[in-house]
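K.L.:
Quick one: the structure is below, and I'll ask about it shortly.
Bear in mind that the values in this text are calculations on the coordinates, not laboratory data. The structure presented is a predicted model; accordingly, all values stated were derived computationally and were not measured. Here the Cβ positions follow ideal geometry from the backbone for every residue, glycine too, while neighbour counts run over all protein chains shown.
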Amino acid sequence: MKNFLKCLVCFSEKQPKTSSTKNRDYPWEIYTLKELVHATNNFHNNNKIGEGGFGSVYWGRTSKGVEIAVKRLKAMTAKAEMEFAVEVEILGRVRHKNLLGLRGFYAGGDERLIVYDYMPNHSLITHLHGQLAADCLLDWSRRMKIAIGSAEGLAYLHHEANPHIIHRDIKASNVLLDSEFQAKVADFGFAKLIPEGVTHLTTRVKGTLGYLAPEYAMWGKVSESCDVYSFGILLLEIISARKPLEKLAGGVKRDIVQWATPYVQKGAFDHIADPRLKGDFDRDELKKVIMIAMKCTDGNPENRPSMLEVVGWLKGGVGSRKKELGIVKNNYMIDGYDEDEDEEDEEDYETDYEVFGMEKYVTRSGGEKI
Ligand SMILES: Nc1ncnc2c1ncn2[C@@H]1O[C@H](COP(=O)(O)OP(=O)(O)OP(=O)(O)O)[C@@H](O)[C@H]1O
Ligand SMILES: [Mg+2]
């Protein structure tokens with residue numbers, strides 16, 4: 001990695017002007033410091049759009065009139081430089097409609113800058129818990145679109161990118177939203193490339209509390225299913241607009257799965273939905289998405305689905321999943337597949353659980369398990 005970084009630095013210092021890379025599908029550019037200073041009004045405070053562990057993010061406009069977001073490394077530590085290199089290396093390799101586009105970078109002297117497409121609707125976190133939350137721009141269909149888009153971005157990293165990539169920091173602030181509220185997964189500074197044939201790696205734990213899969217938080221065991229777990233947390237957060245971890249009286253922390261589980265057990269799915277939606281959502285879809293989230297956050301990584309399955313479930317609906325699994329009852333497809341079907345709601349809950357293998361969460365009103 002050191003060599004790669006050295007190479008990046010000398011490459012960028014030798015390039016006097018912005019220049020497109022030739023042998024890549026995705027033409028990122030090496031910017032000059034002058035151009036980025038100019039674009040961001042010398043990193044003026046008024047241009048600042050956010051701050052994270054890596055440094056500050058600034059809005060800018062290039063001389064060609066393109067809006068950009070520039071992330072500026074705050075301290076030149078070895079750790080930060082490694083994150084910079086990993087981010088540029090990985091984002092430079094991938095291209096997908098649901099991954100934030102890398103426009104380029106600058107690396108020279110003590111300055112490390114990463115240039116991205118500017119996302120006018122900021123990050124998901126600002127809509128769920130931040131300044132834009134009160135405006136409630138995220139109606140149910142936008143939330144579903146964001147969930148599907150983030151899932152597709154992750155599925156691409158896990159299954160299509162070569163080598164496969166584990167993100168390791170899936171969370172609401174790392175899902176950015178373009179002008180159409182299309183999700184773009186961002187921040188690859190903690191990502192890991194997975195060599196062919198390797199099922200999991202053991203590493204130092206990085207990531208964000210509340211989103212970490214238990215086997216990863218405890219043993220540093222990292223595999224694609226750690227991202228699936230984080231995605232499940234994100235899904236519950238999208239639906240409920242609750243934070244992944246909340247502090248209760250007495251300093252006790254409760255995670256979002258612990259909060260949601262009793263409602264799931266009672267079949268009280270509506271209680272999990274964000275009250276700001278005012279009940280304006282498709283109840284079957286809500287139930288389905290909650291069950292997917294519970295499956296993704298299973299304590300045992302082997303019970304979690306792959307991101308490809310998650311995308312299929314989110315996009316295809318419960319009915320098509322049942323069809324795929326060939327689950328039939330009385331010779332017709334259950335729940336939503338036979339238009340003449342006339343079953344009680346409670347029965348539907350039960351059959352939904354069968355489809356997702358979620359029986360352990362289901363209890364009848366008295367709390368007894370089926
Ligand atoms: N391309 C972009 N377009 C618009 N806003 C962005 C862009 N990139 C980042 N931001 C904003 O800047 C904020 C800070 O981003 P950053 O990734 O540095 O930190 P973070 O995600 O909040 O935390 P962490 O350092 O743990 O990743 C984001 O929450 C987002 O609102
Ligand atoms: Mg981030």
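K.L.:
For a quick check: sort TYR229, TYR106 by the number of other beta carbons within 10 angstrom, fewest at the front. Can you show the working numbers first?
P.N.:
Details: TYR229 24, TYR106 27.
Result, fewest neighbours first: TYR229, TYR106.
K.L.:
Going by a ≥ b ≥ c, the root eigenvalues of the Cα gyration tensor, does region 18-132 fall in the rounded group (a/c under 1.5), the prolate group (a/b larger than b/c) or the oblate group?
P.N.:
Values: a/c = 1.26, a/b = 1.18, b/c = 1.07.
It comes out rounded by the Cα gyration axes.
K.L.:
What distance in nm separates the two pseudo spin-label positions at ALA268 and ASN41, each 7 Å out from Cα along the beta-carbon direction?
P.N.:
Going by the 7 Å Cα→Cβ label model, 5.0 nm.
K.L.:
Same structure again: Taking the mean number of other Cβ atoms within 10 Å as a proxy for protection, how do you rank 70-81, 88-99 from highest to lowest? Show your work: numbers first, answer last.
P.N.:
Details: 70-81: 16.0, 88-99: 19.3.
Descending mean neighbour count gives 88-99, 70-81.
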